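Below is one structure, written out as structure tokens; the observations come after it.
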Amino acid sequence: MASGIEVFTPVSHTLFDPADIINKNGGRPPLTYQSFIAIAGEPPAPIFEEYSELPPVGDTGEYELLPVPTVEELGYGDISQEEIPPFRGGETEALRRMKASLQDKEWVAKFEKPKGDPSGFLKPATTVLSPYLKFGCLSSRYFYHCIQDVYRSVRNYTKPPVSLSGQLLWRDFFYKVFFGTPNFDQIKGNKICKQIPWSENEELFVAWRDGRTGYPWIDAIMIQFIHWEKGRDVFERLLIDSDWAINNGNWLWLSCSSFFYQYHRIYSPITFGKKYDPNGNYIRHFIPVLKDMSREYIYEPWTAPLSIHKKAKCIICKDYPKPVVDHDTASKECRKRMGEAYASNRLDSNSSKGKPSNLSRRKWSHGDHGASNSSIAKLLRTSRSE
């Protein structure tokens, strides 16, 4: 205002203002989805004013108006065809995709996240709008209220947390937790993260990162006892829809470091895939060396006799690796070590009283995450946006 310039910074990247939610919760971020929903209520309506042109800039004084930087100026001059993501960017494309998804009212009404088919890649089981939400091409509030319009036109529909609108609320939930949690993206100094002595086995990490675990369904999933921060960094680099708050929140969740603590539940890299894709079409598409493996062995190629390997032109240990670990043995060791870590955390918790964090109210802006966003606009072949 000293220069006669008024700056207005609205909260536009999330459904709710994180500072307001934390303030309503006594200065702490809500740490469960249910408590967040109870505090938040209904999101405010989006602004529906449309502008055909921007207002005049006015007198810029000594400052020169600069054009939008070119792709080359941003450092992405020579992009190979493989690096070009299968998503056209921008608001126009985002709105087109959203409207196409919401046209199927029955699908919207029956959407239930846990029951979606994770093997679907030619016809995804989700809207595939997360990249557009992440980059600000699509307003989460507008998307939310468009979903509500569909709900009002049908008799029955699923409810949060599993519904389509519930997924947007999950997104906001993680934003609120990160906004009110110092060091949310790391183990050290993170009050909501259990202190677990993670393994630093670089060989296993590299096998997972490079899709060489030997488990066909999982060569995009890590089941081993590896530092969750490393997995987070891989996703941050490779996923076109990588969102700092959601990426960290999900890794905290699935590593049982915070939010979710049933560490004894470990998915099988064999039976989980078979449930959705018994023929292994997803594996055959993304791991071409296994495309001719018989259906009986597609999830466990190392158990097939040599004659099957030769017929499929895929010899284990030569064309495709054998499993880096025995799943049953590794699962038992994982449960044992997690149990020990949880017991240690309980002792530490009982020996000291926790104090509420003294979070001062601060203005929220997109990108306020205390860490650089290193996501690259390209999509790993084996990844699928939600």
| field | Restricting segment 109-210 to GluC sites (Glu not before Pro) in coil, as DSSP defines it, with at most 11 other Cβ within 10 Å | value | Glu200
| query | Ranked highest first by the average count of other Cβ atoms within 10 Å around their residues, in what order do 296-302, 105-111 fall? | reply | 296-302, 105-111
| field | Estimated FRET transfer efficiency when R0 is 22 angstrom, pair Glu50-Asp17 (beta carbons, to 0.05) | value | 0.40
| Residue order, fewest to most beta carbons within 10 Å, for Leu102, Leu133, Leu306 | Leu306, Leu102, Leu133
| field | Near-label residues of segment 87-105 by backbone N, under 17 Å of a point 7 Å along Cα→Cβ of Val128 | value | 87-104
| What ranking do Ile187, Ile5 get, fewest neighbouring Cβ atoms within 10 angstrom at the top? | Ile5, Ile187
| request: Give the shape of segment 265-323 as rounded, prolate or oblate, defined through the alpha-carbon gyration tensor: a ≥ b ≥ c are the square roots of its eigenvalues, a/c under 1.5 means rounded, and otherwise the shape is prolate if a/b is larger than b/c and oblate if not. | output: prolate
| request: Any of Lys99/Lys275; Lys194/Lys322; Lys188/Lys275; Lys191/Lys322; Lys274/Lys311; Lys274/Lys322 with alpha carbons more than 28 Å apart? Name them for me. | output: Lys99/Lys275; Lys194/Lys322; Lys188/Lys275; Lys191/Lys322
| Among the aspartates and glutamates, which have Cα under 19 Å from the Cα of Lys313 when same-chain residues fewer than 8 positions away are ignored? | Asp292, Glu296, Glu300
| Any idea how far apart Glu64 and Lys113 come out in nm if each label point goes 7 Å out from Cα toward Cβ? | 4.8
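Read-outs throughout are calculated quantities, based only on the coordinates presented, and are distinct from any laboratory measurement. Keep in mind the model is a prediction, meaning the values are calculated, not measured. Glycine gets a Cβ as well: all are built from the backbone with ideal geometry, and neighbour counts include every protein chain shown.
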